[in-house]
Amino acid sequence: MRPVDAGPTAPVDPADRIRPVFDHLEALTDERGLFEHARLATPRVEHGYCVDDVARALVVTSQEPHPGPVVQRLHEGYLAFVLSALSPDGACHNRMDPQGRWADDAGLGDWWGRALWSLGVAAASSPTAGRRARALAGFRIAAQRRSPDHRASAFAALGAAELLRVRPAEPAARALLEHLAHTLGRQPAAPGWVWPEPRLTYANATLAEALLVAGATLPDDDVLARGLELLTFLMRTEVQDGRLSVTPVAGRGPGEVGGGFDQQPIEIAAIAQACATAHRVTGDPAWLTGVELAQRWFLGDNDAATVMYDPATGAGYDGLEPAGRNENQGAESTLALLATAQLARQAAELR
């Protein structure tokens, strides 16, 4: 299976490529963690912090190939934050108030899965042996548990696959992948609707990517084929007129066509990552088109013809709207931009 033909799109000129710049991420971060929201470029301190975003930041800083002092410092703080969110039984807090107090009970929602994702990546790719060891210990604590939620399990599977890349015998990671493969991987589609849920909602590409890494790592050809089927379906649904037009916040179901708003940058980053993974596990260069389309979306090739990032600071804007963009520059959107920039850089090196 191959992605939809996006048409004769030439590669982005090297002078115009998005690049990971960490100035805004640094501005959103204090000695405790990463502030979730911003009003324009100014952190909204009163809303505090969340593991959802700090885990994303730990993934991005772990995957920067040549981290300078700023990225090194940010990485250390994000790792400490995620580890502090874990309970001994493997559940995970998500929200911390501005005074540094956890504001919720530990649970197994998306944030638990993202914590496992980030700890798996950090255990595989952190720049020091000490941080890799701390991340591995945290991963093993959280991996005691299983979430009933597909997306939480999918995020966890991404971290497990990264960890198995460097520690192929790690039993906690393999068990998480097997759980994902035997739940989401075997779930039949409804007649005429490939997707395993009634509607496309959020982080859609992550479900496909988790099946790709599970199928490639275990290995399980049926699960790998299911992941490719889902990603092919998603790309055919979300590429319109040669550009990405991703599922809006209200979702998208059978028979619903055309663009929609608001579109979230995190959906773009998830597509870029899933397509990069599809290229890695299949060797098919056609999948790199998805990374290129994601880069183009941030550059303004989108349904509102609007640039969605600040190249000077590395900030991402919070949403694509019919008349332009949400001018706020929160953590989630900034990290989506940074992750996409990292993947676009890798894709350019591969082409």
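Among the numbered criteria (1) under 17 Å from Ala203 (Cβ atoms); (2) open to solvent by less than 30 Å² (accessible area, probe 1.4 Å), which one does Gln273 miss?
(2)
Can you tell me which residues in the stretch 68-91 are open to solvent by less than 10 Å² (accessible area, probe 1.4 Å) and under 24 Å from Asp105 (Cβ atoms)?
Passing the criteria: Tyr78, Leu79, Phe81, Val82, Ala85, Gly90, Ala91.
Report whether or not Thr306 is of a type outside the set (Phe, Trp, Tyr), in contact (Cβ under 8 Å) with a residue 40 or more places away in the chain, assigned to a loop (DSSP other than H, G, I, E, B) and farther than 19 Å from Ala347 by Cα.
Working: of a type outside the set (Phe, Trp, Tyr): yes; in contact (Cβ under 8 Å) with a residue 40 or more places away in the chain: no; assigned to a loop (DSSP other than H, G, I, E, B): yes; farther than 19 Å from Ala347 by Cα: yes.
Spelling it out, it is not the case that Thr306 is of a type outside the set (Phe, Trp, Tyr), in contact (Cβ under 8 Å) with a residue 40 or more places away in the chain, assigned to a loop (DSSP other than H, G, I, E, B) and farther than 19 Å from Ala347 by Cα.
Within the stretch 314-337, identify whether any single residue is part of a helix (DSSP H, G or I), touching a residue at least 40 places away in the same chain (Cβ under 8 Å) and open to solvent by 10 Å² or more (accessible area, probe 1.4 Å), and answer yes or no. Show your work before the answer.
Just the residues of the stretch 314-337 that are part of a helix (DSSP H, G or I), to begin with: 331-337.
If we keep only those that are touching a residue at least 40 places away in the same chain (Cβ under 8 Å) too, we end up with 331-337.
Adding the requirement that they be open to solvent by 10 Å² or more (accessible area, probe 1.4 Å) leaves 332.
Among the residues of the stretch 314-337, at least one is part of a helix (DSSP H, G or I), touching a residue at least 40 places away in the same chain (Cβ under 8 Å) and open to solvent by 10 Å² or more (accessible area, probe 1.4 Å), which makes the answer yes.
From Arg131, Arg151, grab the single residue that is of a type outside the set (Phe, Trp, Tyr), in contact with a helix residue (DSSP H, G or I) (Cβ under 8 Å, 6 or more places away or on another chain) and over 23 Å from Ala270 (Cβ atoms). Before the answer, list the steps.
Details: Arg151 fails: over 23 Å from Ala270 (Cβ atoms).
The unique qualifying residue is Arg131.
Please determine, by comparing only the residues of the stretch 96-115 that are in contact with a Lys or Arg (Cβ under 9 Å, 6 or more places away or on another chain) and assigned to a helix (DSSP H, G or I), which one is most open to solvent (accessible area, probe 1.4 Å).
Ranking the candidates gives Trp111 first.
Here are Gly258, Gly283: which of them is open to solvent by 20 Å² or more (accessible area, probe 1.4 Å), touching a strand residue (DSSP E or B) at 6+ places or on another chain (Cβ under 8 Å) and either at pLDDT below 95 or on the phi > 0 side of the Ramachandran plot (or both)?
Working: Gly283 fails: touching a strand residue (DSSP E or B) at 6+ places or on another chain (Cβ under 8 Å).
Matching residue, one of Gly258, Gly283: Gly258.
So which residues in the stretch 95-136 are among the aliphatic types (A, V, I, L, M), farther than 13 Å from Gly159 by Cα and touching a residue at least 12 places away in the same chain (Cβ under 8 Å)? Explain how you work it out, then say what you get.
As a first pass, look at the stretch 95-136 and keep what is among the aliphatic types (A, V, I, L, M): 96, 103, 106, 108, 115-116, 119, 121-124, 129, 133, 135-136.
Keeping just the survivors that are farther than 13 Å from Gly159 by Cα gives 96, 103, 106, 108, 129, 133.
Passing the criteria: Met96, Ala103, Ala106, Leu108.
Could we say that Ala190 is surrounded by fewer than 24 Cβ atoms within 10 Å (Cβ to Cβ) and either among the hydrophobic types (A, V, I, L, M, F, W, C) or closer than 17 Å to Ala91 by Cβ (or both) here? Break it down stepwise before answering.
Details: surrounded by fewer than 24 Cβ atoms within 10 Å (Cβ to Cβ): yes; either among the hydrophobic types (A, V, I, L, M, F, W, C) or closer than 17 Å to Ala91 by Cβ (or both): yes.
Yes.
Starting from residues that are under 20 Å from the mean Cα position of the chain (by Cα) and among the aliphatic types (A, V, I, L, M), keep the ones in the stretch 338-351 and report whichever is surrounded by the most Cβ atoms within 10 Å (Cβ to Cβ). Quick ask: steps written out before the conclusion?
Taking the stretch 338-351 first, the residues under 20 Å from the mean Cα position of the chain (by Cα) are 338-348.
The next check asks that each one be among the aliphatic types (A, V, I, L, M); those that pass are 338-339, 341, 343-344, 347-348.
Working: Leu338: 29, Ala339: 25, Ala341: 25, Leu343: 26, Ala344: 25, Ala347: 25, Ala348: 16.
The residue in question is Leu338.
Could you tell me whether the stretch 269-290 includes any residue that is farther than 24 Å from Val12 by Cβ, of a type in the set (Gly, Ala, Ser) and within 20 Å of the chain's Cα centre (by Cα)?
no
Among the residues of the stretch 102-150, which ones are of a type in the set (Val, Ile, Thr) and either under 23 Å from Ala205 (Cβ atoms) or within 20 Å of the chain's Cα centre (by Cα) (or both)?
If we filter the stretch 102-150 for residues that are of a type in the set (Val, Ile, Thr), which is where we start, we get 121, 128, 141.
Answer for the stretch 102-150, where residues must be of a type in the set (Val, Ile, Thr) and either under 23 Å from Ala205 (Cβ atoms) or within 20 Å of the chain's Cα centre (by Cα) (or both): just Val121.
Which of the residues belonging to the stretch 236-253 are under 12 Å from Arg199 (Cβ atoms), open to solvent by less than 20 Å² (accessible area, probe 1.4 Å) and in contact (Cβ under 8 Å) with a residue 24 or more places away in the chain?
Residues satisfying the conditions are Thr247, Gly251, Arg252, Gly253.
Filter the stretch 137-148 down to residues that are open to solvent by 10 Å² or more (accessible area, probe 1.4 Å) and either over 15 Å from Ala122 (Cα atoms) or in contact (Cβ under 8 Å) with a residue 60 or more places away in the chain (or both), then give me how many there are.
Count: 4.
The values are calculated or read from the model by the stated rules, or taken from the named source; none is laboratory data. This one's a predicted model, so the numbers in the text were calculated from it and none came from an experiment. Ideal geometry is used to build each Cβ from the backbone, glycine not excepted, and the neighbour counts take in all protein chains shown. What goes into the accessible areas is simple: the full protein's heavy atoms, side chains included, and nothing from ligands, DNA or RNA. Shrake-Rupley method; radii C 1.70, N 1.55, O 1.52, S 1.80 Å.
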